[in-house]
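Where a number appears in this text, it was derived from the coordinates with a stated rule and is not lab data. Small disclaimer: the values here were computed from a predicted structure and weren't measured. Every residue, glycine as well, gets a Cβ built from its backbone with ideal geometry; the counts of neighbours run over all protein chains shown.
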Amino acid sequence: MSKGIKFGTSGWRAIVADDFTVANIRLAVSGIAAYVKTQPEPHRVLVGRDPRFLGDSFVNEAASVLAAAGVTPIVIPKPAPTPAIAYAVRQMKTSGAINFTASHNPPEYNGIKFSTHDGAPALPEVTKQIEAAIAAAPADAAIPKSDPPAAGFETTDVKPEFLKRLAELVDLKAIAKSGIKVVYDPFWGAGRGYSCHILREAGVTVETVHDYRDVLFGGHAPEPDDHLLGDCKAKMKEIGAKIGIATDGDADRFGIVDEDGTFIQPNYVIALLFDYLVKTRGWKNGVAKSVATTNLVNALAGHHKVPLYETPVGFKYIGELIIEDKIAIGGEESAGLTIRGHVPEKDGVIAGLLVTEMVAVRGKSLGTQLRELFAEVGSFYPVRENFRLTPDRMAAFTEKLKTDPTELSGRKVAGVVRTDGLKLILGDGSWVCYRLSGTEPVVRAYTEARSEQDMESLSSAAKNFVLA
């Protein structure tokens with residue numbers, strides 16, 4: 001049996017039939033069961049999935065391993081969004097949830113996300129315990145399994161309660177009253193029947209694309225990014241929609257298209273919603289963002305006199321602040337956000353619904369709203385690039401990250417931040433942040449210029465630092 005099971009910022013992912021095998025699934029689930037048994041009783045764990053290939057078989061396998069370990073499995077029979085599963089953990093007061101999903105990864109991948117009893121992604125101290133339990137298992141040991149009872153394992157439908165909660169958090173009446181038309185793209189994923197259902201029930205005109213099961217996700221990753229939203233944009237033009245909303249494979253990430261077909265990058269969506277929630281809900285308890293997310297959020301925090309929390313990359317850190325009610329909204333540039341009173345987990349469903357509400361209530365395109373925000377607190381232009389390096393170059397750059405540079409291509413470095421990776425703050429407020437991928441020889445370079453004119457030269461300077 002392979003023991004190369006590592007839980008990263010969002011669980012364990014691997015290629016099906018390569019490392020993601022039934023044997024490794026049993027090992028991973030036995031490790032999770034061992035952790036759960038250290039927690040207070042009753043030991044009950046939800047087991048869910050996205051619509052990927054063999055997902056239902058993996059759920060049954062996990063349920064059998066849990067049952068044999070003395071943990072009661074509660075199976076979610078249909079594909080369900082990660083945030084819906086997180087909400088069910090909190091509502092049903094289970095010990096946590098195992099979710100078979102590879103999120104926005106390509107179709108050949110699958111994975112396991114483990115949520116703890118609070119509905120949040122497992123923190124590093126938890127995943128280390130799980131990995132230790134996996135490592136301690138004898139290499140040749142058979143993992144015990146229990147056959148399901150005659151009536152089958154206990155099941156639950158997480159959809160009704162989750163949609164009920166969304167209806168409490170989003171002003172659906174305002175959306176319906178505006179007469180706005182919406183296009184929703186679930187990317188063949190777990191979000192199917194969620195965003196469109198709740199809007200239709202409220203009387204909103206919604207059209208969908210990719211609203212059927214395809215385990216190959218159209219032959220690409222189920223990622224709601226600009227280059228994959230062509231069908232959504234075409235449908236918007238066809239029906240005259242003011243907004244296009246999309247979710248990824250497990251519906252924890254979002255993609256947003258403006259009325260003119262422009263993709264609005266997640267950095268801007270988070271900032272716009274932060275401003276909107278402060279102004280419409282009066283929530284001024286705080287805002288959280290990862291270190292790689294736009295400083296437009298920082299500027300707005302100062303403008304609204306709201307506490308700012310800058311976290312390492314990984315939504316689990318934002319989830320903690322939600323649980324403690326320290327923030328109105330928390331988000332990451334990789335298209336994850338949640339809000340006060342909701343799950344401590346990324347939720348692409350509520351993101352799309354809130355943006356729809358914002359457009360409906362303000363009666364302005366997102367582009368117009370963003371320009372108004374820039375006029376209020378200044379302009380910010382973020383970009384992210386990935387650089388794949390040879391092992392030698394990667395080793396050299398890893399050492400380079402330990403230094404404190406005083407300049408970047410002739411630009412003076414005004415400050416160094418090491419919350420996660422290396423972030424260099426420049427004199428004009430622009431910045432560059434470097435992070436190493438934990439799973440492949442890739443350097444992620446995040447840059448943010450203060451003007452469109454400077455975007456290219458700052459991106460070039462960031463690249464030179466990596467490749468020099």
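Give the Rg/Rh ratio for the stretch 273-315, taking Rg as the radius of gyration of the Cα atoms and Rh as the Kirkwood radius, to two decimals.
0.96
Output wanted: per-residue J couplings in Hz (rounded whole) for the stretch 13-29, from phi through Karplus 6.51 cos²θ - 1.76 cosθ + 1.60, θ = phi - 60°, x for Gly and Pro.
For the stretch 13-29, the Karplus-derived couplings read 10, 7, 7, 4, 6, 9, 9, 8, 10, 4, 4, 6, 4, 4, 4, 4, 5 Hz, x marking Gly and Pro.
Considering only the chain, what is the antiparallel percent among its DSSP beta bridges, to the nearest 5? Don't skip to the end; give the middle numbers.
Details: 45 of 73 bridges.
Antiparallel bridges: around 60 percent, rounded to the nearest 5.
Could you give me the ³J(HN,Hα) list for the stretch 266-282, computed from phi with Karplus coefficients 6.51, -1.76, 1.60 and θ = phi - 60°, whole Hz, x at Gly and Pro?
For the stretch 266-282, the Karplus curve yields x, 3, 6, 4, 4, 5, 4, 5, 4, 4, 5, 5, 4, 7, 9, 9, x Hz.
For the stretch 12-157, state the semi-axes of the equivalent ellipsoid (square roots of 5 times the eigenvalues of the alpha-carbon gyration tensor), sorted largest first and rounded to whole angstrom.
Working through the eigenvalues yields semi-axes of 19, 18, 16 Å.
Can you list the lysines whose alpha carbon sits under 19 Å from that of Lys412, skipping same-chain ones fewer than 8 residues off?
By straight Cα distance, Lys412 reaches Lys400, Lys402, Lys423, Lys463.
Count neighbours as other Cβ atoms within 10 Å of each site's Cβ, and list the trypsin sites (Lys or Arg not before Pro) in the stretch 348-428 that are DSSP loop with at most 13 such neighbours.
Listed in order of number, the matching sites are Lys402, Arg418.
What is the percent of Cα-Cα separations in the stretch 191-349 that go past 25 Å?
33
Starting at the first residue of the stretch 391-401, write each ³J(HN,Hα) from the Karplus equation 6.51 cos²θ - 1.76 cosθ + 1.60 with θ = phi - 60°, in whole Hz, x for Gly and Pro.
x, 5, 5, 5, 4, 5, 6, 4, 5, 4, 5
For the stretch 99-170, I need the span (max minus min coordinate) of the C-alpha atoms along each principal axis, in Å, sorted largest to smallest.
For the stretch 99-170, the Cα extents along the three principal axes come out at 51, 37, 29 Å.
Cα atoms only, the stretch 381-467: Rg and Dmax in Å?
Over the stretch 381-467's Cα set, Rg and Dmax evaluate to 12.3, 35 Å.
Neighbour counts of other C-beta atoms within 10 Å: give me Leu467, Leu353 arranged from fewest to most.
By the 10 Å Cβ count, ascending, the order reads Leu467, Leu353.
In debye, nearest 20: dipole of the chain around its Cα centre with unit charges on the Cβ of K, R (+) and D, E (-)?
700
Give me Val204, Val71, Val413 ranked fewest to most by other Cβ atoms within 10 Å of their Cβ, as a rough exposure proxy.
Neighbour counts put them in this order, fewest first: Val413, Val204, Val71.
Which loop chymotrypsin sites (Phe, Trp or Tyr not before Pro) in the stretch 165-237, with loop taken from DSSP, have no more than 10 other Cβ atoms within 10 angstrom of their Cβ? It would help to have the intermediate numbers written out before the result.
On the way: sites: Tyr184, Phe187, Trp188, Tyr194, Tyr212, Phe217; in loops: Phe187, Trp188, Tyr194, Tyr212.
Answer in residue order: Tyr212.
Can you classify the stretch 37-97 as rounded, prolate or oblate using the Cα gyration tensor, where a ≥ b ≥ c are the square roots of its eigenvalues, rounded means a/c under 1.5, and otherwise it's prolate if a/b beats b/c and oblate if not?
oblate
What FRET efficiency would be calculated for the residue pair Lys305, Arg418, taking the C-beta separation as r and a Förster radius of 22 Å, to the nearest 0.05?
0.20
Can you divide the C-alpha Rg of the chain by 2.2 N^0.38 Å and report the result to two decimal places?
Computed over Cα atoms of the chain, the ratio equals 0.97.
Divide, for the stretch 320-408, the radius of gyration over alpha carbons by 2.2 N^0.38 Å, where N is the residue count.
Its radius of gyration relative to the 2.2 N^0.38 Å reference: 1.57.
What is the Cα centroid distance between the stretch 448-468 and the stretch 117-178, reported in whole angstrom?
Taking the Cα centre of each part, the stretch 448-468 and the stretch 117-178 sit 41 Å apart.
Can you give the helix-only mean residue ellipticity at 222 nm for the chain, where every DSSP H stretch with n ≥ 4 adds -39500 (n - 2.57) and the sum goes over all residues, rounded to the nearest 500 deg cm²/dmol?
For the chain, the value works out to -11500 deg cm²/dmol.
What does the stretch 1-87 give for Rg and for Dmax, in Å, if only its C-alpha atoms count?
Spelled out, the Cα radius of gyration and Dmax of the stretch 1-87 are 12.8, 36 Å.
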